[in-house]
Amino acid sequence: MHLLVTGGCGFIGTNFILHLLETDPAVRITNLDKLTYAGNRGNLAHLEGDGSRYAFVHGDIADAALVEQLLAEHAIDAVVHFAAESHVDRSITDSAPFIHTNVAGTHTLLEAARKAGVQRFVHVSTDEVYGSLGPHDPAFTEETPLAPNSPYSASKAASDMLARAYFHTYGLPVIITRCSNNYGPYQFPEKLIPLTYLRATRGEPVPVYGDGSNVRDWIYVLDHCRGVEAALRRGEPGKVYNFGGDAERTNLETVHTILDAVGAPRSLVRFVTDRPGHDRRYAMNSSRAKKELGWRPETDFATGIAQTIRWYQTHAAWLDDVQSGAYRQFMEKWYAKERGV
Ligand code: NAD
Ligand code: DAU
């Protein structure tokens, strides 16, 4: 199976590619990534020598000529589409890149996949398209109406609707996955969990929005990747599959867990002005994925957070490079090393 993975240099894409290449020797992957601030080519650079199983292509999913050429020349069987602008706060500051990549980029990819006749198109989406829950509301199901509240989630909902339309109108075998908040190795430290780890280990204040009572349902990234893989292999075209971690926590509880784990004082917490339009609570009902895909989350929050903290502790150089911006010059350094300079 030859996959085109988009956004494979980001957090989840990196974990997905590592997982698939490790567990299935028959898989080949072409990774198309624009290398925005969130893309780190160094994550997978050790695979680049092995041209038969993994190839990196630097480019934009909204570049129709490039995407069409890739699908035609590489005889791609399936597309797994992770590429996106993914950070809610950035979408509040400037939503234009979100419309470009998440809406126009997804449209370009769907159109190229339709023309090339790919056998499967997995569109990776988010629980945020369903909007926000009250404290006692039942968890989101795949039938919950979409009600996005941020420019980010609105752009993802738009891309979901395009994906759905390409199945209904053209018969493109699209499967949509929606997942709750991921955490784990390679997550960019703008997101709550790695940001808290970073600040806590430096003894710096940790910003908690509002009163810290907003609730997120945390899932270990490998569990999400296994879900996307299950949808790719066994999902029914035209269907949506929810994945959640069964691990609802208030943000303050999550921050306290990390502070305690690294031995930092809880007094580092700073309650700051809330995010505009901040969704109160997300919770996912994953029964369809459990029943139809045989999937379930395997890593509980305590285990996953311990593994994640250990990963950041043993990959301090990765975090330093991301902080300093050195990761953007990674390839120059890598080529220099290869040449023995
Ligand atoms: P990320 O921000 O870490 O990575 C995004 C990747 O996409 C980067 O490598 C970036 O360079 C690339 N990219 C951005 N614009 C591009 C473009 N125009 N063309 C090609 N590549 C481009 O994101 P992530 O957290 O890994 O999320 C991956 C996907 O999963 C997204 O679609 C996101 O909406 C979805 N998702 C994320 C979470 C989460 O908790 N992080 C949860 C559910 C769903
Ligand atoms: O639910 C899935 C979504 O999870 C994905 O679709 C998004 O791509 C991903 O970014 C994530 O969105 P969130 O907005 O939930 O993640 P973030 O890590 O930014 O924030 C988690 C919660 O913590 C949220 O309620 C806001 C709060 N927060 C965040 C930051 C960065 C803080 O209190 N302080 C912070 O500094």
**Fill in**
Of (1) farther than 20 Å from residue 118 by Cβ; (2) away from ligand 2 (no atom under 16 Å from the Cβ); (3) buried (at least 22 other Cβ atoms within 10 Å of the Cβ), residue 67 fails just (1)
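If I filter the stretch 238-252 for residues that are outside any loop (DSSP other than H, G, I, E, B), away from ligand 2 (no atom under 13 Å from the Cβ), touching a residue at least 60 places away in the same chain (Cβ under 8 Å) and not polar (S, T, N, Q), do I get at least one hit? Talk me through it step by step, then tell me what you get.
Of the residues in the stretch 238-252, the ones outside any loop (DSSP other than H, G, I, E, B) are 240-243, 248-252.
Imposing the further condition that a residue be away from ligand 2 (no atom under 13 Å from the Cβ) reduces the set to 240-241.
When the remaining residues are screened for being touching a residue at least 60 places away in the same chain (Cβ under 8 Å), the result is 240-241.
Filter once more, keeping what is not polar (S, T, N, Q): 240-241.
For the stretch 238-252, residues outside any loop (DSSP other than H, G, I, E, B), away from ligand 2 (no atom under 13 Å from the Cβ), touching a residue at least 60 places away in the same chain (Cβ under 8 Å) and not polar (S, T, N, Q): present.
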**Asked** Within the stretch 171-223, how many residues turn out to be more than 10 Å from ligand 2 (Cβ to nearest atom), at negative phi and either in a helix (DSSP H, G or I) or of a type in the set (Phe, Trp, Tyr) (or both)?
**Response** 8
**Request:** Look at residue 227 and say whether it is part of a helix (DSSP H, G or I) and within 19 Å of the chain's Cα centre (by Cα).
**Result:** yes
**Complete:** For the stretch 79-131, the count of residues that are without any contact (Cβ under 8 Å) to a residue 24 or more places away in the chain and part of a loop (DSSP other than H, G, I, E, B) equals 2
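Output the residues belonging to the stretch 1-39 that are polar (S, T, N, Q), within 16 Å of ligand 2 (Cβ to nearest atom) and crowded, with 22+ Cβ neighbours inside 10 Å.
So the first thing to find is which residues in the stretch 1-39 are polar (S, T, N, Q), and the list is 6, 14-15, 23, 30-31, 36.
Still in the running and within 16 Å of ligand 2 (Cβ to nearest atom): 6, 14-15, 36.
Matches in the stretch 1-39: 6, 14, 15.
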**Request:** Please specify each residue of the stretch 270-285 satisfying the condition of being within 16 Å of ligand 1 (Cβ to nearest atom) and among the acidic types (Asp, Glu).
**Result:** 279
**Asked** Which condition breaks for residue 86 when tested against (1) within 9 Å of ligand 1 (Cβ to nearest atom); (2) at pLDDT below 95?
**Response** (2)
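Among 296, 339, 288, which is the only one that is surrounded by fewer than 16 Cβ atoms within 10 Å (Cβ to Cβ) and modelled with pLDDT of 95 or more? Spell out the reasoning first.
On the way: 339 fails: modelled with pLDDT of 95 or more; 288 fails: surrounded by fewer than 16 Cβ atoms within 10 Å (Cβ to Cβ).
Matching residue, one of 296, 339, 288: 296.
The values are calculated or read from the model by the stated rules, or taken from the named source; none is laboratory data. These numbers were taken from a predicted model, which means no experiment stands behind them. Here Cβ is always computed from backbone atoms with ideal geometry, including for glycine, and neighbour counts include all displayed protein chains.
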